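The values are calculated or read from the model by the stated rules, or taken from the named source; none is laboratory data. What you are looking at is a predicted structure, and each value in this text was computed from that prediction instead of being measured. Counting neighbours? That spans all protein chains shown, and the Cβs are built from the backbone with ideal geometry, glycine included. Note: accessible area is taken over every heavy atom of the protein model, side chains too, but ligands, DNA and RNA are not part of it. Shrake-Rupley method; radii C 1.70, N 1.55, O 1.52, S 1.80 Å.
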Amino acid sequence: MLALTELGQRLRQERESKGLSLEDLQKLTKIQKRYLLGIEEGNYEVMPGKFYVRAFIKQYCEAIGLDTDAIFEEYKSDIPSTQTEDMPQQLSRVRSRKEIPQHTKGVSKAYDYLPTVLVVAGVVVVGIIIWVIAQNIVSDKNKEQANQEAPNSEVQQSNTQEETNETTAKNDNSKSEDEQSAADKKEQEKEKAEKEKAAKEKAEKEKAEKEKKDSSKQEYKEVQKTGRSATYALSGTDAFNLEVTSTQADTWLDVKNGKGNAFFSSILKKGETKQFDLTKETEARVNIGYSPGVELKVNGKAVDLPFDSSKQVRQVVTIQYQPAEAQ
């Protein structure tokens with residue numbers, strides 16, 4: 001294993017302080033894990049080129065919340081330059097332009113085949129003329145046969161027209177009945193949908209009123225605080241609904257109960273909200289990998305994070321819940 005550079009050591013420490021593994025960072029940046037490891041170890045030989053080294057380091061810094069310009073300035077001796085990388089491609093283009101005139105030698109050879117091409121074209125034209133004449137002869141014979149059969153076809157057409165009129169009348173009556181049935185069915189479905197919508201709105205209103213009533217009595221008090229962890233006590237309510245939203249950046253989120261059973265353990269995308277019904281639990285542990293911009297709500301009421309997110313990026317919040325009816 002290669003020795004870490006000062007830049008690689010700084011990046012790894014910052015990543016681990018946010019609770020992120022290389023797999024988590026791979027999901028955030030879409031950069032392969034072996035390239036991320038190469039950045040931390042200073043092993044830039046695994047990269048496709050020097051340009052990609054700088055680009056990958058920039059994405060790495062942005063994903064863990066570091067100032068890219070400051071990092072590039074502070075560790076410029078560890079980061080390769082890209083000033084001469086385009087030179088081989090430019091030289092390749094110059095050589096290709098010099099070779100272009102050689103391709104024009106084939107033009108004169110095309111004139112050698114010109115007589116043959118003209119003969120073939122003449123044969124094709126003659127064949128087309130013969131085919132058109134044959135088609136006209138066949139068409140004339142078909143017209144004569146059609147004129148002979150016309151009287152009989154007119155009688156048959158008249159009988160067919162009468163049958164068609166009768167069938168159309170029957171279809172119109174059937175169509176009218178089907179349209180009426182479809183209209184009745186549509187009206188019934190509309191009434192059913194309106195009733196379901198009214199019932200749903202009523203249930204949501206009752207639920208909101210109940211949550212509002214419970215939240216007005218609930219207490220959320222700090223029990224203890226140490227390091228990056230804090231414990232709170234939730235009481236005075238018969239519900240324990242937790243809502244977590246990330247507004248600024250992606251973050252690692254891990255939510256478990258007091259027994260260690262996980263409700264969620266993955267990346268919470270920027271702008272995404274996760275809701276958890278923990279009413280049947282007595283304790284919940286919320287591990288936030290990147291706390292800036294993360295908002296917590298308990299039973300619909302916003303609560304503050306225990307630490308200043310600019311100073312303590314990773315935070316662990318434990319909530320001990322005691323239902324009102326058990327008090």
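Quick notes on this one:
- Solvent-accessible area per residue in the stretch 219-324 equals 49 Å², computed with a 1.4 angstrom probe and all protein chains kept.
- Subtracting the Cα-Cα distance of residue 130 and residue 229 from their residue separation scaled by 0.36 nm leaves 26.1 nm.
- Spin-label pair residue 81/residue 324, simplified geometry with 7 Å Cα→Cβ offset, distance in nm: 7.0
- Nonlocal amide H pairs with residue 294, under 5 Å, H built at 1.01 Å: 247
- Along its three principal directions, the equivalent ellipsoid of the stretch 1-43 from the Cα gyration tensor extends over semi-axes of 16, 13, 7 Å, largest first.
- Within the stretch 46-84: backbone nitrogen closer than 18 Å to the residue 6 label point (7 Å, Cα to C-beta): 67-81
- Accessible surface for residue 118 stands near 110 Å², nearest 10, in the context of the full protein assembly shown (1.4 Å probe).
- Sequence-distant residues sharing a close amide H with residue 32 (under 5 Å, placed H): none
- The phi torsions of the stretch 65-75, fed into the Karplus equation with coefficients 6.51, -1.76 and 1.60 and a -60° offset, translate into couplings of x, 9, 6, 4, 4, 5, 5, 5, 6, 5, 10 Hz, rounded to whole numbers, with Gly and Pro shown as x.
- Were the residues from residue 67 through residue 192 laid out at 0.36 nm apart, the gain over their Cα-Cα distance would be 39.3 nm.
- Integer Hz, Karplus 6.51/-1.76/1.60 couplings in order for the stretch 127-134, x for Gly and Pro: x, 5, 4, 4, 5, 5, 4, 5
- Rg in Å to one decimal, and Dmax rounded to a whole Å, for the stretch 212-271 via C-alpha atoms: 14.1, 35
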